[in-house]
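Let me begin by presenting the structure, written as structure tokens, before commenting on it.
The values are calculated or read from the model by the stated rules, or taken from the named source; none is laboratory data. The structure presented is a predicted model; accordingly, all values stated were derived computationally and were not measured. Because the Cβ atoms are built from the backbone with ideal geometry, glycine has one as well, and the counts that use them run over all protein chains shown.
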């Protein structure tokens, strides 16, 4: 099983732009990704704590949380895959595959808001299963992100299908 989760929640929707919000946009992408996958998928909704509880209960092969970048100064486009600093080989392998398959993707450590002084991201820290965050740049340019949506989701689905279902070694 794979768990997919849109970033943030309905109560705390993340980045906002005009009449759009990050959570609603991410939820649409997550639901579209779930439809592309032929294997068992669960979409986890709610707060970070609620998502972590679902992951703890279901113990998926991997949990993926979807976000949109809101850094107005970042001119790059593509996917940012944040790998947990003390994650497992499966999540790191998935992040590396995604980085190779999408030329604009880059792999970065899983610090909260990219800031090491703030510690590891809650979703990554509290997930007992392999977990990764995917952030599509830029929420400030939804037209561009939506134009790339089909390709990004197809590549992500292809990489998720290729993950092994066993042999999940931990990285220390």
Tell me, please, whether a residue that is surrounded by 14 or more Cβ atoms within 10 Å (Cβ to Cβ), free of Cβ contacts under 8 Å to residues at least 24 places away in the same chain and touching a strand residue (DSSP E or B) at 6+ places or on another chain (Cβ under 8 Å) can be found in the stretch 38-53.
no
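Just the residues that are in contact with a helix residue (DSSP H, G or I) (Cβ under 6 Å, 6 or more places away or on another chain) and within 22 Å of residue 52 (Cβ to Cβ), please, taken from the stretch 23-41.
First pass over the stretch 23-41, keeping only residues in contact with a helix residue (DSSP H, G or I) (Cβ under 6 Å, 6 or more places away or on another chain): 32-33, 36-37, 41.
Result: 33, 37, 41.
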In the stretch 8-29, residues that are crowded, with 23+ Cβ neighbours inside 10 Å and at pLDDT below 90 total 1
